[in-house]
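Written below as C-alpha cells is the structure these notes are about.
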Amino acid sequence: MLVEIIQSLGQYGVNFITGAGRAGALLFGALKPAGRGFKLLPLLIKQLYIVGVQSLIIIVVSGLFIGMVLALQGYTILVGYGAEQSLGQMVALSLLRELGPVVSALLFAGRAGSALTAEIGLMKANEQLSSLEMMAIDPLHQVIAPRFWAGIISLPLLAAIFSTVGIFGAQLVGVDWLGVDTGAFWSVMQASVEWQEDIVNGGIKSLVFAIVVTWIALHKGYDAVPTSEGIGKATTATVVQSSLAILGLDFVLTALMFS
Amino acid sequence: MISSDNIIEISGLHFSRDARAIYDDINLKVPRGKVTAIMGPSGIGKTTLLRLIGGQLKPSAGSITFNGEDITQCNRKQLYEVRRKMGMLFQSGALFTEMSVFDNIAFPIREHTDLSESIIRKIVLMKLEAVGLRGAAELFPAELSGGMARRAALARSIALDPDLIMYDEPFAGQDPISMGVIVRLIKELNDALGLTSIVVSHDVEEVLSIADYVYIVANKTVIAHGTPAQLRQESSEQVIQFMQGKPDGPVPFHFPSEDYKKDMLNHAR
C-alpha cells in the first residue's frame, strides 16, 4: 500500500517534470528567432483579433458589473463611517491592483485560453500540425508563436479596459445613483492612485498572467491526446490550471509588490 | 553502397512505442519513378512507417536514406530541407480549415518561395486542374466532399513539385467513383510529373491495379514483397489470407480467449 502511494507520487512527479520540460521546449521553439518576422505579422494581427478583440465584450460587460457592485458594496460600508467621499479611491485601487488583472485573466483563461487549447488540439487531431511539418514549416513558428504573442499583447490591454470600464461602472452607481459628490469621487481617486505602485504593478501582474495563461493553453493543446476525449480533458485542464496559477501567482506578486 | 535507382532505402529498421515493438528489422527499397505500395492489416503501423520516412519519428535502430541522405541522422534544419522534396497526403487530407482551397494550395508556395502572386495563381490553377478541382478554388474545405478534400490535399502535396509523394490510406472511406478518380490520379501524376509514389493502404485490388512493386507488412516485419503478379502467386498462408480477405487463417478471427464452453458455464463475470 505504502509502496504504491510512493510509486504514484513518484510517477506524478516524473509526469510533472516531463510536462514542464515539454512546455519549456515548446516555448523555446516558438520564440526562437527564425527570420520570419515579416511573414508572422499577418498571422499575429489575425490572432490579436481572435484572442483580443473577440474577448472585448465579456471583459467590458464583466468590468462594468464588477465596478457597479464594488461601488454598491463599498458605499454601504463607507457611508457608516461618513467616508463615502473615498469611494473613488477604494474602487480604483481595488480594480487597478487586484480585480482588473486577476478577473480579466480568469475571464481570458475561460474564453481565449480554452479556445486556443481546443483549436490546437483539433489541429493536431486533424493532422494539420503534422502536415505543416511535412511541408517543412515549423508549426511552433506558424501556429504557436503568433498565438503566444497575441495573448501577451492582448491580456494587459484587456485588463486596462476592464479597470477603466469598472471605474465608470462605479461612477454610475456611486455618483449618479447613490449621490456621492462627483468632484470628491474623482479628486480623491486622482490623489490616491500612484503611477508606479498601482498602475505599473497592475500592468506587471497582468503581463505575468498573460504569459502563464497563454503558455498553459498552448502547451495543453499541443500536448493533447488527439481524440475528442483528449481535447476535452486538455481544455478543462487549461481552465483549471490557469485559474489556479493566476490566483497563486497573484498572492506571490502582491506579497512582492505591496508588502 | 547506395543505389541511385532507389529513392528510399530502409535497412534494419526497429521502432518501438511505449516499450511495444512496432517494427522489428524492416528492410525495403522504393525504386525511383515507380509506384510502391505498402500493404498490411489495420493497426500494424503503416502510417508510422510513413512518419519514419518523413522524419517525424525517430527509429530505435536502423537507417532510412532518402536520395542517399540518412534521415535518421539529420538535424532539424536538414530534415526541413529534405522534406521540401517530399509530399504527403494524409488520411484526413489535413487541409487548413480557415483557408480556401486556393489558399491551401498556395500556402506551401508562398512559404517557401518569393514568387509573385500572379505566378503563384498560375501554379495553383495548374495543380487544381491536374486534380480536376479548378472550379472549386474558392470553396472552403468544409464545403468539399471527402473525395474532393483528398484531391485538394493531393494538389497541395504536389504544389512544390516534390520528388516523392506518400499517400496514407488514400482510398479509406471513399465511394467507388472517388476511389476510381484517386486511383487514376495517383498513377497519372506519378507518370506525368516523374514522381515516385508510396501508397500505404489495405485496399488490395485498388493498390494492385496501380502499384509497380508491393511490400506486405505484418508481424512487425515485411512478410512478402514483389510485383503484383508475383504476389498473386505467393503460397504463404498469411499472404493468401490478406490478399483474398479470408476471415480466418494465420490472423485468427477470434481474439485470444479461454475455452468457449468453460466460459459459458462460468457464472461469475
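Please list the radius of gyration and Dmax for segment B:68-122, considering alpha-carbon atoms only, with Å as the unit.
So, for segment B:68-122, Rg and Dmax equal 14.1, 39 Å respectively.
For B:ASN6, which sequence-distant residues (separation of 5 or more, or a different chain) have an amide H within less than 5 Å of its own amide H, given hydrogens modelled in the peptide plane?
Under 5 Å from the amide H of B:ASN6: B:ARG32.
Rounded to the nearest 500, what is the protein assembly as shown's calculated 222 nm mean residue ellipticity when only DSSP H runs of at least 4 contribute -39500 (n - 2.57) each, over all residues?
Details: 21 runs with 287 residues, N = 528.
Estimated from H runs of four or more residues: -17500 deg cm²/dmol.
Across segment A:164-178, in residue order, what do the Karplus-derived ³J(HN,Hα) couplings come to in whole Hz, using 6.51 cos²θ - 1.76 cosθ + 1.60 with θ = phi - 60° and x for Gly and Pro?
4, 5, x, 5, 5, x, 5, 5, 4, 7, x, 8, 6, 9, 8
Would you mind classifying segment B:23-163 by shape? Square roots of the alpha carbon gyration tensor eigenvalues, ordered a ≥ b ≥ c; an a/c under 1.5 is rounded, otherwise it is prolate if a/b is larger than b/c and oblate if not.
Because a/c hits 1.5 or more and a/b exceeds b/c, segment B:23-163 counts as prolate.
Evaluate the Kirkwood expression for the hydrodynamic radius of the protein assembly as shown, namely the inverse of the mean inverse distance over all pairs of different C-alpha atoms, and round to one decimal in Å. Intermediate results must be reported in sequence, preceding the final value.
On the way: mean 1/r = 0.0370 Å⁻¹.
Hydrodynamic radius (Kirkwood, Cα pairs) of the protein assembly as shown is 27.1 Å.
With a Förster radius of 45 Å, plug the Cβ-Cβ distance of A:GLN85 and A:TYR49 into 1/(1 + (r/R0)^6) and report the FRET value to the nearest 0.05.
So, using R0 = 45 Å, E works out to roughly 0.60.
Going from most exposed to least, what order do B:HIS14, B:HIS254 have by accessible area with a 1.4 Å probe? Write down the numbers at each step before the final one.
Details: B:HIS14 60, B:HIS254 130 Å².
Of B:HIS14, B:HIS254, the descending order of accessible area is B:HIS254, B:HIS14.
Report the charge-dipole magnitude of chain B in Debye, nearest 20, computed about the Cα centre from +1 at each Lys and Arg Cβ and -1 at each Asp and Glu Cβ.
Details: 29 positive and 33 negative charges, 62 e Å.
Computed charge dipole of chain B: roughly 300 debye.
Modelling each spin label as a point 7 Å along the Cα-to-Cβ direction, I'd like the A:TYR12/B:ASP212 distance in nm, to one decimal.
With each label point 7 Å from Cα toward Cβ, the separation is 5.9 nm.
Nothing charged except the Cβ atoms of Lys and Arg (+1) and of Asp and Glu (-1): what's the magnitude of the dipole of the protein assembly as shown about its Cα centre? Round to the nearest 20 debye.
540 debye
Grab the Cα-Cα distance for B:ASP248 and B:ILE177, subtract it from 0.36 nm times how many residues apart they are, and report the gain in nm with one decimal.
Stretched fully, the B:ASP248-B:ILE177 segment lengthens by 22.5 nm.
Hey, what D do you get for chain B in µm²/s if you plug the Kirkwood alpha-carbon radius into Stokes-Einstein at 25 °C and 0.890 mPa s?
122 µm²/s
In square angstrom and rounded to 100, what buried accessible area do you get between chains A and B, total over both, with the probe at 1.4 Å?
1900 Å²
Report the FRET efficiency, 1/(1 + (r/R0)^6), for B:ALA21 and A:SER259, where r is their Cβ-Cβ distance and R0 is 60 Å, rounded to 0.05.
Efficiency for this residue pair is about 0.55.
Give a residue-ordered list of calculated ³J(HN,Hα) values for segment B:121-135 (Karplus: 6.51 cos²θ - 1.76 cosθ + 1.60, θ = phi - 60°; whole Hz; x for Gly, Pro).
4, 5, 4, 4, 5, 5, 5, 5, 4, 4, 9, x, 10, 4, x
What is the diffusion coefficient of segment B:217-269 in µm²/s, taking the Kirkwood radius over Cα pairs and the Stokes-Einstein relation at 10 °C with a viscosity of 1.306 mPa s?
Once the numbers are plugged in, D ends up at 116 µm²/s.
Hey, can you grab everything whose amide H is under 5 Å from the amide H of B:GLY40? Only 5+ residues off in sequence or another chain; H modelled, so Pro and N-termini drop out.
Long-range HN contacts for B:GLY40: B:SER201, B:VAL217.
Pull up the DSSP beta bridges for chain B and report the antiparallel fraction as a percent, rounded to 5.
On the way: 21 of 39 bridges.
Just about 55 percent of them are antiparallel.
Could you tell me how many degrees, from 0 to 90 and to the nearest 10, lie between the Cα long axis of helix A:2-31 and the main elongation axis, the longest principal axis, of the Cα atoms of chain A?
Taking Cα atoms only, the helix is inclined about 80 degrees.
Taking only Cα atoms of segment B:120-258, what ratio of Rg to Rh do you get with Rh as the Kirkwood inverse-distance radius? Write down the numbers at each step before the final one.
Values: Rg = 17.9 Å, Rh = 17.0 Å.
Result for segment B:120-258 is an Rg/Rh of 1.06.
Using the charge dipole of the protein assembly as shown (Lys, Arg: +1 at Cβ; Asp, Glu: -1 at Cβ; taken about the Cα centre), state which of A:ILE216, B:VAL217, B:HIS254 has its Cα farthest towards the positive end.
Sorting the options by dipole projection puts first B:VAL217.
Restricting things to alpha carbons, find the Rg to Rh ratio for segment A:77-154 using the Kirkwood radius for Rh.
Value, to two decimals: 1.35.
Just the projected area, averaged over all directions, of the convex hull on the alpha carbon atoms of segment B:107-176: how many nm²?
About 5.4 nm², averaged over all directions.
Averaged over peptide B:105-115, how many Cβ atoms belonging to another chain are found within 10 Å of each residue's Cβ?
Across B:105-115, the average partner-chain Cβ count within 10 Å equals 2.
Could you derive backbone 3J(HN,Hα) for segment A:111-125 from the dihedral phi with the Karplus parameters 6.51, -1.76 and 1.60 (θ = phi - 60°), listing whole Hz in sequence and x where the residue is Gly or Pro?
8, 7, x, 5, 5, 4, 4, 5, 5, 5, x, 5, 4, 5, 5
Please give the FRET efficiency for A:MET1 paired with A:VAL240, using the beta carbon to beta carbon distance and R0 = 22 Å, rounded to the nearest 0.05.
With a Förster radius of 22 Å, E is 0.15.
Please tell me the relative contact order of segment A:71-166 in percent, rounded to the nearest whole number, where contacts are Cα pairs under 8 Å and at least six residues apart.
Computed over segment A:71-166, the figure is 37 percent.
Given the pairs A:LYS39/A:LYS205; B:LYS46/B:LYS187; B:LYS127/B:LYS246; B:LYS29/B:LYS220; A:LYS39/A:LYS220, which are separated by over 28 angstrom at their Cα positions?
Details: A:LYS39/A:LYS205 31 Å; B:LYS46/B:LYS187 20 Å; B:LYS127/B:LYS246 40 Å; B:LYS29/B:LYS220 17 Å; A:LYS39/A:LYS220 26 Å.
Check vs 28 Å cut-off fails for A:LYS39/A:LYS205; B:LYS127/B:LYS246.
Would you mind checking the tilt of helix A:56-78 against the longest principal axis of the Cα atoms of chain A, expressed as 0 to 90 degrees and rounded to 10?
Roughly 40 degrees between the two axes.
Of A:THR214, A:THR76, A:THR238, which has the largest mean-square fluctuation in a 10 Å C-alpha GNM of chain A?
Of A:THR214, A:THR76, A:THR238, the most mobile in the Gaussian network model is A:THR76.
Please list, short to long, the whole-number percent of alpha-carbon pairs of segment A:1-159 in consecutive 10 angstrom bins beginning at zero.
Calculated over all Cα pairs of segment A:1-159, the distribution is 9, 26, 25, 19, 14, 7, 1 percent.
In whole Å, largest first, what are the principal axis extents of the Cα atoms in segment B:180-258?
Taking the Cα atoms of segment B:180-258, the three principal extents are 54, 23, 20 Å.
Let me know the charge dipole size of segment A:107-229 about its Cα centre in debye, to the nearest 20, where only the beta-carbon of Lys, Arg (+1) and Asp, Glu (-1) is charged.
Using Cβ point charges on Lys, Arg, Asp and Glu, segment A:107-229 gives about 140 debye.
Whose amide H sits under 5 Å from the amide H of B:GLY87, counting only residues 5 or more places off or on another chain, with H placed in the peptide plane?
Distant-sequence amide H within range of B:GLY87: B:LEU164, B:ILE165, B:MET166.
Semi-axes, largest first, in whole Å: what does sqrt of 5 times each Cα gyration tensor eigenvalue give for segment A:131-259? Walk me through the intermediate numbers first.
Values: eigenvalues 308, 50, 45 Å².
Over the Cα atoms of segment A:131-259, the semi-axes work out to 39, 16, 15 Å.
Report, as an integer, the average count of C-beta atoms from other chains found within 10 Å of each Cβ along A:245-252. It would help to have the intermediate numbers written out before the result.
Values: counts 0, 0, 0, 0, 0, 0, 0, 0.
Going residue by residue through A:245-252 and averaging, the value is 0.
Could you sort B:217-225, A:18-26 so that the peptide with the highest average Cβ count within 10 Å comes first and the rest follow in order?
Values: B:217-225: 17.8, A:18-26: 13.1.
Peptide ranking by packing, descending: B:217-225, A:18-26.
The values are calculated or read from the model by the stated rules, or taken from the named source; none is laboratory data. Given the structure is predicted, the values throughout are model-derived calculations rather than measurements. Backbone-built Cβ (ideal geometry, glycine too); neighbour counts: all protein chains shown. Protein only, heavy atoms only, side chains kept; ligands, DNA and RNA dropped before computing areas. Shrake-Rupley method; radii C 1.70, N 1.55, O 1.52, S 1.80 Å.
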